[in-house]
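Engineer: One structure, as structure tokens, below. Some questions next.
The values are calculated or read from the model by the stated rules, or taken from the named source; none is laboratory data. The structure displayed is predicted, hence computed values, not measured ones. No Cβ is skipped: glycine too gets one built from the backbone with ideal geometry, and neighbour counts run over all protein chains shown. For accessibility, only protein heavy atoms count, side chains too; no ligands or nucleic acids. Shrake-Rupley method; radii C 1.70, N 1.55, O 1.52, S 1.80 Å.
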Amino acid sequence: MERNISVSTDFLSGGGHVKVQASEPTTIRFSPHDEGDGEWSKVWWHFKVEGVVPGEEIRLELDKGGGVSPQIFFSYDQNVWGLTDEGALETIDGKEYFVYQHVVKSNKVWFAYDLPYTSDHVNDLLTPLVQQDRSAEVFTLCMSRKNRTNVGFRLNPLEKGTKAKYGVWLQARAHAFESGASWVLHELAKWLLSNEEEAIALRNIAHITVIPIVDVDGVAEGRTGKYQKPHDHWMKWGEEPSYWPEIEKIKAGITELAQKDMADFFIDFHGPGGKSHPYFILPFEGELPFQKQRNNRAKFFECLKAKPLDEEAKLRQSMTQIHYSERPWDNTVLDSSHEWVLGKANDHSQAFTIEVNMNTPLSTQEGYRSEGITLGRAISDYFVNDHHEK
């Protein structure tokens, strides 16, 4: 008897190319969304399978050309997610696929490259927490090029009448496929809104801006985002005006902070960091434009207990030991987000791009939570204990 098995990407963040290859056994063949520039431009996929039989083992064949994770996420309700067993490389009809085999427990199941994070998570899980906090506010950063609302949060000092001493800007998801980046910032934001002593101490002296999803169009449409045309949201920050309205508004917000001598700290959350540790991407210390920036970086890394990402560190992994990877930088070229902040904000500004480690057995919501809290406690120590030099 012919079985009515169907696949779909027609939902928020659904993406990639997927088809039913066979029904006995159920075989689904798929490939990632492709921005057309090779390598990291071909990553994200997220699809739904319906009509399968609970208890049967289905076969998932991923085109090895991109978007390969050792384990992939699955869910029966798009709320609770788990990881499949590890897949294995196979050659089928002369072409390489990464093949996963998974026993389903429902007639409907979703699969994704990594733990999905969309505007629904922002609206349903973060916005209510911000609205309950009398010292915080929800704001509209801008409308995207495709007329989607980009939501942000402002967390102000908790004690009434207290003026912030420092400005902190945190944003995630310049590359749409890097869902883990949004999860780490999500958990950091929840910690900042909590009753933990270190979070309260930081809130009382800082004005904190949180942008959970920068590329709202790419995320909604299930696109990879990285290297999209004419450029992605992490690149070409030195161009005036920016092609992307959200980047133009972010630059304006940071410029306003800088004019008040309050552009103290900036992190752009990215991923994946792979099977190692989370790590910052940053210029060599000697290439920073100002001595205060060099001094402040050293002090922050002491608070964080950050270490260089050397070959030995790449052999291990964690969510709580943060590393850093220095790269050459011509500081007359302000291409990426953190480079623009370092060159355009204050002489004491700290600015980083962090690669959170997606696609590992540790890259669950609990793992992302531990990473966000680790960062939050270090940022609190850095500012509350007066390590930051203005």
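Engineer: Can you tell me the Rg and Dmax of region 2-138, counting just the alpha carbons, in angstroms?
Structural biologist: 16.9, 61
Engineer: For the chain, report the accessible area per residue in Å² (1.4 Å probe, heavy atoms, rounded to an integer). Display every interim value, and only then the final one.
Structural biologist: Details: 16350 Å² over 390 residues.
Per residue, the chain has an accessible area of 42 Å².
Engineer: On to the next question. Quickly rank 248-260, 209-221, 365-377 as a protection proxy: mean count of other C-beta atoms within 10 Å, highest first. List each step's numbers first, then the result.
Structural biologist: Numbers: 248-260: 17.6, 209-221: 25.2, 365-377: 20.9.
Ranked from most to least packed, the peptides come out as 209-221, 365-377, 248-260.
Engineer: Which percent, nearest 5, of DSSP beta bridges in the chain are antiparallel?
Structural biologist: Working: 47 of 75 bridges.
Of all bridge pairs located within the chain, approximately 65 percent are antiparallel.
Engineer: Kyte-Doolittle mean at least -0.5 and Cα extent at least 15 Å along the axis: which DSSP H helices of the chain qualify?
Structural biologist: Span-like helices here: 179-192, 245-259, 365-384.
Engineer: So which of Lys48/Lys275; Lys236/Lys275; Lys146/Lys229 end up more than 19 Å apart by C-alpha?
Structural biologist: Lys48/Lys275; Lys236/Lys275
Engineer: Please find the FRET efficiency linking Thr162 to Asp310, where r is the Cβ-Cβ separation and R0 is fixed at 45 Å, and quote it to the nearest 0.05.
Structural biologist: On the way: r = 42 Å, r/R0 = 0.94.
Taking R0 as 45 Å, the efficiency between Thr162 and Asp310 is 0.60.
Engineer: Further question: Round to a whole number: what % of the accessible area of the chain belongs to carbon and sulfur, probe 1.4 Å? Intermediate values should be presented prior to the final figure.
Structural biologist: On the way: 7610 of 16350 Å².
That fraction is 47 percent.
Engineer: Keeping all protein chains in position, work out how much accessible area Glu24 exposes to a 1.4 Å probe, and write it in Å² to the nearest 10.
Structural biologist: Glu24 exposes around 140 Å² with every protein chain in place.
Engineer: Whole angstrom only: what separates the Cα centroid of region 201-276 from the Cα centroid of region 140-171?
Structural biologist: 12
Engineer: What figure, in Å² to the nearest 10, do you get for the accessible area of His186 with a 1.4 Å probe and non-protein molecules left out?
Structural biologist: His186 has an accessible surface of roughly 10 Å² with all protein chains in place.
Engineer: Relative contact order of region 211-314, please, whole-number percent, based on alpha carbon pairs below 8 angstrom and at least 6 residues apart. Intermediate values should be presented prior to the final figure.
Structural biologist: Values: 31 pairs, mean separation 16.3, N = 104.
Over region 211-314, the number comes to 16 percent.
Engineer: So, one more: Taking the Cβ-Cβ separation of Glu240 and Glu302 as r and a Förster radius of 45 Å, what is the calculated FRET efficiency to the nearest 0.05?
Structural biologist: Computed FRET efficiency for Glu240 and Glu302 comes out at 0.80.
Engineer: In this model, which of Lys249/Lys344; Lys19/Lys105; Lys42/Lys64; Lys165/Lys292 are farther than 19 Å apart at the alpha-carbon? Walk me through the numbers on the way to the answer.
Structural biologist: On the way: Lys249/Lys344 15 Å; Lys19/Lys105 21 Å; Lys42/Lys64 10 Å; Lys165/Lys292 17 Å.
Beyond 19 Å between Cα atoms: Lys19/Lys105.
Engineer: Before anything else, pin down the relative contact order of region 92-206: Cα pairs under 8 Å, at least 6 apart, normalised by residue count, whole percent.
Structural biologist: Values: 99 pairs, mean separation 28.4, N = 115.
Relative contact order here is 25 percent.
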